[in-house]
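Written out below as structure tokens is the structure these notes cover.
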Amino acid sequence: MAGIGIEALVSIGTAFGFLAWSKDINVDPLDRKGQVSGLAALQLRFAVLAGVLVVAMVLTHRLLAPAHRPYIVRAGCAAIAGLATGLVAGGIAVALRGTQLPLWAGGGDYQWILEWTAALWSGQEISDHYPPAVFWMIGAWARLTDQPQVLALKDLQLAGTALFGPAAYLAWRLVLRPLWAVTVGVLAMLPMIEPVKPYPQITLVMLIPVLVKFLSTVRRADRMTARRALLAGTLAGLGLGLLFLLYSGWFVWCAGGMLVAVALTAPWRTGSRSVLLLGGATVVSFVLVGWVHLRGLLAPTGGTSDDYFYFDTDTEPAYIAMWRNDRPADVGPVWPPVGELGGVGLFTLLLAVGLGLALALAWRRSIVIALGACAASAWFLRMWLASEQWETQTVRLYPRTTAVVLYCLLILTGFGVLLAVQRWHDRTGATGPAGREPTAPAGLLLVPLLFVFASAGSATVDRYLPDERTNHAGYFAWIAHTTPYPDGRCSRWGVAHGCQPTTDRVPAD
């Protein structure tokens, strides 16, 4: 437990440390030259920290006794996970430099989120159909920092973006070793990063490994005492309940598959009593924690039957290779992109190969069963709901299953590749004294991963830099600069780009 605590401190500290360091990059984020300079400054700082980290890991690998090396690997992997999304959060800080407003400036979905938050914190009753944790966080942070709730959103967006990497890494550490957690779990998290509304996707990247851990626990229930089964179930229900309060949509897509997986793999013959105790404790604690929101979903009007048709609802429904959420459609004139093999692109083919490797090498392992069950469940619900959109004229959020299917397939692909490499190492003898650790220092082996994180971080940030085109993701930052503050002032560069102040006070810094 102490080791995991240190990993958490290192990972979160690195993410927030890089975010803080990025806030002194002094450029005009509404000018393209300033944007490029900001991106380059971020990359330079990332390279410095990555270089220091790699050198430190290599030196300690050579100087420390073999028994102490795993601790350095754990700390190094945790730091890399923090760097991966500290870079993106730092880029969003650059994009919002000179304005106190958050991405989207409190518009869109945030209009009713802020209205409900204000109502909740003024003692009024609000709908319980939406997960309430976001209302609690916005209201609490605004009160703690003594600022309007719309301005408090900026801090929460930056913090949420920075936490993607640590959240994914620490959740996958429940079931994977450090190198695997950062190489598979954090890498697969990259397409899910969403700075505008980070809490739904953070829930996803944490929920999947928690479900894997739960299935693994269920399969070992026959080795548990009654007391241990009750404790494990209570902890599982508590963790799932807290995630449910943060964002519940992913539970809908995964629930059916997980129920089937648990029913088929639980040791009913040898441990039915423990299985029932474990499952019962999980359900009871989950309901107790999540009831404030669960009761809304179970109400007669609790289901989602939205009619928000956007570009992704017109996409060929089997396409899941790229997750764009329902953000502005800066996806080019042809969507989905035309693939090379029967319309299927190389990336999707690689996912299929990775899935095949995972099934061939580890089809009985809990991680493969859980991920496969979640992906299959989301896929079937996706096709069922999409097939009814003409008859019902509703969407019912089915395009969001893209994130579940894609994330699960990315994890399965990474897991399959690593298993294949491990098998090759074991058969050729290309391993170190521990039998499974590579002979090269872990710091050197992580250099390619750092390069991927640097490249992906830059690309993600560039997409969200201010852009006045309404069909571009950069529009969220643009309106943050060109919308007046609650007190009527404009941001530092807002007046020059169309902000109309409603006060005679000077623009804010």
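The values are calculated or read from the model by the stated rules, or taken from the named source; none is laboratory data. Note that the structure is a prediction, hence the values are computed from the model and not measured. Neighbour counts run over all protein chains shown; Cβ positions are idealised from the backbone, glycine included. We work out accessible area using only protein heavy atoms, side chains counted, and drop any ligands, DNA or RNA first. Shrake-Rupley method; radii C 1.70, N 1.55, O 1.52, S 1.80 Å.
Please list, ordered by first then second residue, the pairs with beta carbon atoms under 7 Å, 6 or more apart or interchain, first in region 51-80 and touching a residue at least 24 places away in the same chain (Cβ under 8 Å) and surrounded by fewer than 19 Cβ atoms within 10 Å (Cβ to Cβ), second of a type in the set (A, V, I, L, M) and part of a helix (DSSP H, G or I).
V58/L444
Evaluate region 115-124: report whether one residue or more is without any contact (Cβ under 8 Å) to a residue 24 or more places away in the chain and on the phi > 0 side of the Ramachandran plot.
yes
Scanning for something part of a helix (DSSP H, G or I), closer than 23 Å to K154 by Cβ and out of contact with any Ser or Thr (no Cβ under 6 Å at 6 or more places or on another chain), does region 45-57 turn up at least one residue?
Applying the first criterion (part of a helix (DSSP H, G or I)) to region 45-57 yields 45-57.
Then drop every residue that is not closer than 23 Å to K154 by Cβ, which leaves 45-46.
Next, from what is left, pick out any that are out of contact with any Ser or Thr (no Cβ under 6 Å at 6 or more places or on another chain): 45-46.
Yes, that holds for at least one residue.
What tally of residues in region 224-238 results from selecting those that are in contact with a helix residue (DSSP H, G or I) (Cβ under 7 Å, 6 or more places away or on another chain) and under 9 Å from S285 (Cα atoms)?
Total satisfying the criteria: 5.
Mind counting the residues in region 361-385 that are in contact (Cβ under 8 Å) with a residue 40 or more places away in the chain and surrounded by fewer than 19 Cβ atoms within 10 Å (Cβ to Cβ)?
Result for region 361-385: 5.
Output the helices (runs of 4 or more DSSP H) that fall wholly within region 120-190 and possess 3 or more residues being more than 14 Å from the chain's Cα centre (by Cα) and aliphatic (A, V, I, L, M), or say none.
Answer list for region 120-190: 133-145, 149-162.
When residues of region 221-246 are filtered for being open to solvent by 60 Å² or more (accessible area, probe 1.4 Å) and among the hydrophobic types (A, V, I, L, M, F, W, C), how many remain?
Number satisfying all stated conditions: 5.
With region 390-509 as the region, which helices (runs of 4 or more DSSP H) entirely inside it contain at least 3 residues that are at pLDDT 90 or above?
401-428, 447-464, 475-482
Can you find even one residue in region 85-106 that is buried (at least 19 other Cβ atoms within 10 Å of the Cβ), among the β-branched types (V, I, T) and modelled with pLDDT under 95?
no
Would you say S216 is under 16 Å from L174 (Cβ atoms) and at pLDDT 95 or above?
Against the criterion (under 16 Å from L174 (Cβ atoms) and at pLDDT 95 or above), S216 qualifies.
Inside region 42-84, can you point out the residues that are basic (K, R) and modelled with pLDDT under 90?
Matches in region 42-84: R62, R69.
On the basis of being part of a helix (DSSP H, G or I) and open to solvent by less than 10 Å² (accessible area, probe 1.4 Å), does G279 make the cut? Outline the logic, then answer.
Working: part of a helix (DSSP H, G or I): yes; open to solvent by less than 10 Å² (accessible area, probe 1.4 Å): no.
It is false that G279 is part of a helix (DSSP H, G or I) and open to solvent by less than 10 Å² (accessible area, probe 1.4 Å).
Taking V205, is it within 16 Å of Y407 (Cβ to Cβ), open to solvent by 60 Å² or more (accessible area, probe 1.4 Å) and either out of contact with any His (no Cβ under 7 Å at 6 or more places or on another chain) or among the hydroxyl-bearing types (S, T, Y) (or both)?
Spelling it out, it is not the case that V205 is within 16 Å of Y407 (Cβ to Cβ), open to solvent by 60 Å² or more (accessible area, probe 1.4 Å) and either out of contact with any His (no Cβ under 7 Å at 6 or more places or on another chain) or among the hydroxyl-bearing types (S, T, Y) (or both).
Identify, please: which residue in region 292-305 is at pLDDT below 90 and within 24 Å of the chain's Cα centre (by Cα) and is, among those, most open to solvent (accessible area, probe 1.4 Å)?
Applying the filter and picking the extreme gives T304.
State yes or no: is V196 out of contact with any strand residue (DSSP E or B) (no Cβ under 9 Å at 6 or more places or on another chain), within 25 Å of A378 (Cα to Cα) and in contact (Cβ under 8 Å) with a residue 24 or more places away in the chain?
Yes, satisfied.
Return the residues of region 254-263 that are open to solvent by 20 Å² or more (accessible area, probe 1.4 Å) and either in contact with a Ser or Thr (Cβ under 6 Å, 6 or more places away or on another chain) or in contact (Cβ under 8 Å) with a residue 40 or more places away in the chain (or both); say none if nothing qualifies.
Within region 254-263, A255, G256, V260, V262 meet the criteria.
Could you grab me the full set of residues in region 121-140 that are among the aliphatic types (A, V, I, L, M) and either at pLDDT 95 or above or buried (at least 21 other Cβ atoms within 10 Å of the Cβ) (or both)? Quick ask: steps written out before the conclusion?
Taking region 121-140 and keeping what is among the aliphatic types (A, V, I, L, M), we get 126, 133-134, 137-138, 140.
Passing the criteria: A133, V134, M137, I138, A140.
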